[in-house]
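Everything on this sheet refers to the single structure shown next.
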Amino acid sequence: MKEFILENLATVIISLVLLSVVTLIVVSMIRNKKKNKSICAGCPMAGNCSKGKG
């Protein structure tokens, strides 16, 4: 097992970095959703997009 990890160390490191980035993105999206921030928050029609939902 140790040999496998050492032979594929670059792949393991890159995978961990990518997993961290994806995790941070998902956490950020969840926090923004809880704060009622969305992609179209700056749009003049943003108030009409979600009418009738929730």
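All of the numbers you see were taken from the coordinates with simple rules; none came from a lab. Computed from a predicted structure; not experimentally measured.
Got a sec to turn the phi values of the range 3-17 into Karplus ³J(HN,Hα) couplings, 6.51 cos²θ - 1.76 cosθ + 1.60 with θ = phi - 60°, whole Hz, x for Gly and Pro?
With the stated coefficients, the range 3-17 comes to 5, 4, 5, 5, 5, 10, 4, 4, 5, 5, 5, 4, 5, 5, 5 Hz.
Need the full-extension length gain, GLU3 to ASN36, defined as separation in residues times 0.36 nm minus the C-alpha distance. One decimal, nm.
7.1 nm
How much length, in nm to one decimal, is gained on full extension between THR11 and VAL27, taken as 0.36 nm per residue of separation minus their Cα-Cα distance?
Between THR11 and VAL27, full extension yields an extra 3.3 nm.
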